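Here is the structure we will look at, set down as structure tokens.
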Amino acid sequence: MEEPSDGRRMGGAERRPAEGRSIATVGGGEKKEGNAGGEYGGRWGRRRRWSSPTVLLVFKNTKRKFRYTYMIFPVSYINKIPFYDLQIIKMFKTCAATIRCTKVVRNVNLEKLRHNYLFPEIEARALEHMKKYPDADIIRLGIGDTTEPIPDIITSNMAEYARGLSTRTGYKGYGAEQGNKDLRKAIAESFYKGLGVKDAEVFVSDGAQCDISRLQLLLGSSVSVAVQDPNFPAYMDSSVIIGQTGDFLDETLKYKNIEYMTCGPQNNFFPDLSTASRTDIIFFCSPNNPTGHAASREQLTQLVEFARKNGSIIVYDSAYSVYITDDSPRSIYEIPGARECAIEVSSFSKIAGFTGVRLGWTVVPDELYYANKVPVINDYDRIVCTCFNGASRIAQAGGLACLSSDGFKAVMSVVDYYMENAKILIETFSSLGLVVYGGVNAPYVWVHFPGSRSWDVFSEILTKTHIITVPGSGFGPGGEGCIRVSAFGQRERILEACARLRSVLL
Ligand SMILES: Cc1ncc(COP(=O)(O)O)c(C=O)c1O
């Protein structure tokens, strides 16, 4: 078992654990080490019946009031439990007699994954806090999930489309795997006007995160990969799962065989490409989650030149492009030469509050080739047809409504609302004498607490103000010393959070 560490990262999507689902039975006490036995009972905590085989773990609890903690949970949960300040002493199978294993060996790559559950860890701490302060009014500025209703012009289009499915004339089954023709055209015209992106190069999907995984399937296990540090974890975790990385190293808090490109204030949130090693693939996110930094034209020009010189492919994530307020590029294809070295993934999630509706897209230019002169787009088309049967028709109807002139105005007014929140957050943290990044071209504010550890800052803010943020180290070692504050939230909650921060931290 691994030692707990601060380098824990979230796994995949930014989401809360399923409501009402507890992940373990937890007990505690002064029980002596070695006396735990192979049984478990009610006195060690609330009993819970699991339908699958369970194990009992005995932990030494390094921080909390009990010296020992006992947890009972399904074997399959071992990698999901946040062991942040617990040290495992013993592990017992609690119902070995009922285990009937198959002969299937677990995917070795999944064995490598750290228990990357930043958000469940945050949620567990929030629950603990709520137990301690049952009357506290918690404000959640952690998870990057949209909060404001989808404009009616969009939902009425989806509702109308859905009602049509109940009629003889309106019913439709499978659509084109690559997406509705009109939507592909609308995406090309709205987001890539004048950039040479053709409708046929746009693949509509159920979201950027799913596309990242499909791209990994396309790339396979033998490519080498670079990521920004800190980063949105889907790139790295999917690299681990597909087999592109080595083991996680506790000393560095990094996976082996991944090039971590540090992006912090010291380098204007852009990697030093003169020292970066060549990799086949470069995942690059701008505007960036979590730092909120949008790469400038000069920076992206350097990135494209670097990729072209090295014969690399950039996977460019522009999920927050509509949040850009200055003249930073909104697409990698604004940079000359990018069509020969870049794929772009993007999403309606943060554009239109579609985090639950699910709609995104990927652009694969037909000028992008493998070393053997095969066009990458051919393989991506094959992957999409084999592993995905097309986005929901209803979601696509919503996407088309977003890209109508009135629909776009309506969704952008919600984007502006979040950006006003970001401004309020920036003003607040700045007035407290802190250095703040992001929040100008992205709905994330990245606050620097020099000399402090991210998790300590997270805990202090939670204890003193009942506000949940995200520790920057959860996004990679490069995020240590910072917290991410999300501007997704109702205005009155943001104002209340700022008032609390001012009264407590000033
Ligand atoms: C940078 C980035 N890319 C992709 C996603 C996932 O987008 P989707 O909801 O379309 O899967 C997120 C979600 O938070 C994100 O922050």
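The values are calculated or read from the model by the stated rules, or taken from the named source; none is laboratory data. It should be emphasised that the depicted structure is a prediction, and the values quoted were computed from it without experimental measurement. Here Cβ is always computed from backbone atoms with ideal geometry, including for glycine, and neighbour counts include all displayed protein chains. Just the protein is used for accessible areas: all its heavy atoms, side chains included, with ligands, DNA and RNA removed. Shrake-Rupley method; radii C 1.70, N 1.55, O 1.52, S 1.80 Å.
Numbers for the structure displayed
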| item | result |
| --- | --- |
| Gyration tensor (alpha-carbon) shape descriptor, the range 196-391, a/c threshold 1.5 | rounded |
| Long-range HN-HN contacts of Ile314 with modeled amide H, under 5 Å | Ile282, Ala342, Ile343 |
| Surrounding net charge for Trp446, when Lys and Arg each add one and Asp and Glu each subtract one, Cβ distance under 13 Å | 0 |
| Cα centroid of the range 415-468 to Cα centroid of the range 182-200, whole Å | 36 Å |
| Local electrostatic count, Gln216, Cβ distance below 14 Å [Lys/Arg +1, Asp/Glu -1] | -4 |
| Net charge over other residues, Cβ less than 14 angstrom from the Cβ of Val411 (K, R count +1; D, E count -1) | -2 |
| Surface share of carbon and sulfur [accessible, 1.4 angstrom probe, percent] for the range 196-391 | 49 percent |
| Fully extended contour minus Cα-Cα distance, from Leu165 to Glu148, at 0.36 nm per residue | 3.4 nm |
| Highest average packing first - 486-494, 167-175, Cβ atoms within 10 Å | 486-494, 167-175 |
